[in-house]
Every structure is written in C-alpha cells, then in structure tokens.
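The values are calculated or read from the model by the stated rules, or taken from the named source; none is laboratory data. Computed from a prediction, not measured in an experiment: that's the story for all the values here. Don't worry about glycine lacking a Cβ; one is built from the backbone with ideal geometry, like all the others, and counts go over all protein chains shown. The accessibility values were calculated without ligands, DNA or RNA, using every heavy atom of the protein model including side chains. Shrake-Rupley method; radii C 1.70, N 1.55, O 1.52, S 1.80 Å.
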Amino acid sequence: MSKKTKFVLISAVVTTSVLLSGCGLFGGDNAAKEIDPPKDVTYVKDEKSLATEAKVTEANKKQSKAAETSAPTKREIYLIDKNGYVVPQTLEIPKSKGVAKQSLEYLVEGGPVTNLLPNNFRAVLPADTRVLGTKLESDGTMVADFSPEFAEYKKEDELRILQAVTWTLTQFEGVNKVKIRINGYDKDEMPVNHTPISKGLSRADGINFDNTGVVDVTQTKPVTIYYLAQEGKQTYYVPVTKRIASGDKDMYTAIVNELVEGPAPASGLVTDFNPDAKLVAAPKYADGQLTLNFNKNIFGNLKGTEISQYVLDSLVLSLTEQKAVDSVAIKVNGKKTLKDEKGKKLTEPVSRPKNVNTGSF
C-alpha cells in the first residue's frame, strides 16, 4: 500500500492564480487646429489668491501621497501552522517603501500581524522584537538587524525562525541570501541552539525538512515539494524539503515522483494525485519552459480531461522552485487536451503564481 495520504477535498476554492501575459495597442490623432479660447475663463486676481491656490495644491499632493503609501498590498508572510510547518500566507498589508523591514515586522508575535493571523497560525519571532534595519548588499545579500529580544525564543523554534526570515525576504527581487545581525553585530551562530549562520541563508538551505528514510544525507540532494494541508474547509500549500539520491540526473522526474508518492503518513499533510499517475516520457526543458507528458491517470477522479487545481498548482509550485524553470506545460499521452476545473483549456504553459495561499480562514 502506498504511503501517499489521499483526502477528499472539502472546498473547491482555487487558492492560487495563473499569471497570463497580454499586450496593448497604441494609437494617435492628427494635431487639432488652433481654436478660439473658451469664453468662461477665471483669472487669479492677486498674489494672495495665488498663494492660497498653491497651498491647496500642495495639501492635495500630500494627501494623495499618504493615500498611496497606506493603500494595501499583497505580500507573502511566512507563519507557523498548527503542525509546526513554516507556511507562506498572502496578507494584505499597508504599502511601504521599506518593504523588507515591514515584512519582518509582520513575523513578530503580538505585532501588526496579530489581527491578520489565519486560524491556528502564529507568528514566529519573539514578542517585542524590533527590526532595527535591513540593508541589501551588492551581492544580493539582505542583512537583517534585530533587537536583543530576537534571542528570546524556544529551542524548537530556531530553524523555523531562520526559514521564516529567509523565505519572507527572498520573495523580493534581487534578494538571494539573508544574513542576521543582533543589535548591530554579525552572528556566526544562532543564540539558542547554535545553528551556524555565518555564511548566510538562502532558499537552497530548505524549509520544513523531511528526511524520512534517508540513511546518508551526503549521498542526497534537496528538493522542495509543495504538499497540501487543511484548516477547517480551507486547503493550503506547504513547502517541504526532501532528499533525493544525488545520482539521480533527472531532477524533474524525481520531483514529479515525490508528488505522486505523497507525503509521509504521519506528516499531517495530504496530496490530490492519483497514485497511478506517471510520466510516459522524460520531461523536456527549453528556454525556461518544462513540458511534462503524463498518462491519463493525471486526471484523477475528475470527469473528461479536467485536472485538479491542486494537482496543477502543486506541480507548478514545486517545479518552479528549480531556478531554471519559469513555467510548466502539461500533455497527456502527447496531446494538449487538459482543462482546468472551470473547463478552460490549458493550451499555454502555466507560470508560478505571484502569491501563494491567498485564501482567508
């Protein structure tokens, strides 16, 4: 019996969106002929009126700027779910120029994230932690400086803190690695469980490690797979870093096989893949696009040629974690016959969604 955990989807809510490209048309008109000035014209009579008008204009500019700054924007904040997993949640937070610093402030327990926390989720940084500053260096390293309260965490939260900080900051373009300071001082290791951090951290270091069945880590390499978890009627995606044999040259096939096999039985995670789904040909890669050719079991229990949105999203999220992959195209027995659950034909490759786990619960 497969160790894959199967479940009945309670909600048909589509938690992610597919990015589509579009184009615009531009046109022009012939220059208009000179016409008589309008009859209804108001003139500024004196300098006092002009000064008043300037003040009103300046006030309007400030008001517009303030409204633009406070307008909400969507951002991925990595929180901790009921199973202890570090999970991206897309939250609407006020716009800010200091996006990196602001995002870290939403990781603090009792901070601005408090009223936005989904059910059974919590922030990971200790209460009263202050973000003293962030700085992006020329090599793509983001330096995050925290107040001394940062060190007041439980031992079991140390890796969760590192993962939440790293994955929250590396969502921003140009940020490849993260280094941590406490009260202005670089740290070679974390203060509680002494995890080494002198070289900085990146997404390549993994998240939510699952080393089930791994005997010798040195003979493996990490891949990040997106499984499913449920909270009430809502389903969300959880990134899990697993180890595959380092001798496996076809990384893409290995990732697909891990998705089909599913998470460990005791993980609290689930999958929507049919256990008989498999690739009928090796994946083909060209110019950022990865093409997968499945047997008909990729349809699962859906009617006709429809593919589960959870299956589609899990494939795209997992495979685009590989640096070279920008989009995923799917065929069944060599034909582009798939449709999504809404009946829309998937004739174009699917790109990674801008935000993950956008539902509220």
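Brief remarks follow.
- Contact map, segment 166-179: residues that are under 11 Å from I77 (Cβ atoms) and open to solvent by 20 Å² or more (accessible area, probe 1.4 Å) paired with residues that are in a strand (DSSP E or B) and charged (D, E, K, R), Cβ distance under 6 Å, separation 6+ or inter-chain. Pairs shown: Q171/E76.
- Qualifying residue in segment 257-267 (condition: of a type outside the set (K, R), over 17 Å from Y226 (Cα atoms) and open to solvent by less than 50 Å² (accessible area, probe 1.4 Å)): no
- Top-ranked residue in segment 68-117 [being among the polar types (S, T, N, Q) and under 18 Å from the mean Cα position of the chain (by Cα); ranked as surrounded by the fewest Cβ atoms within 10 Å (Cβ to Cβ)]: T73
- Hits in segment 283-293 - residues which are closer than 20 Å to V311 by Cβ and open to solvent by 40 Å² or more (accessible area, probe 1.4 Å): K284, Q289
- All positions within segment 315-340 that are aliphatic (A, V, I, L, M) and assigned to a strand (DSSP E or B): V328, A329, I330, V332
- Test for T337: is it under 11 Å from Q289 (Cα atoms), touching a strand residue (DSSP E or B) at 6+ places or on another chain (Cβ under 9 Å) and either β-branched (V, I, T) or crowded, with 20+ Cβ neighbours inside 10 Å (or both): no
- First in segment 274-302 and among the hydroxyl-bearing types (S, T, Y), second anywhere and buried (at least 16 other Cβ atoms within 10 Å of the Cβ), Cβ under 6 Å, 6 or more apart: T291/A329
- Some residue of segment 137-152 being buried (at least 21 other Cβ atoms within 10 Å of the Cβ) and either out of contact with any Ser or Thr (no Cβ under 9 Å at 6 or more places or on another chain) or of a type in the set (S, T, N, Q) (or both): no
- Enumeration of residues in segment 118-129 that are open to solvent by less than 70 Å² (accessible area, probe 1.4 Å) and more than 20 Å from L162 (Cα to Cα): P118
- For the condition modelled with pLDDT of 95 or more, of a type in the set (G, A, S), open to solvent by less than 20 Å² (accessible area, probe 1.4 Å) and more than 23 Å from G232 (Cβ to Cβ), S314 does not qualify.
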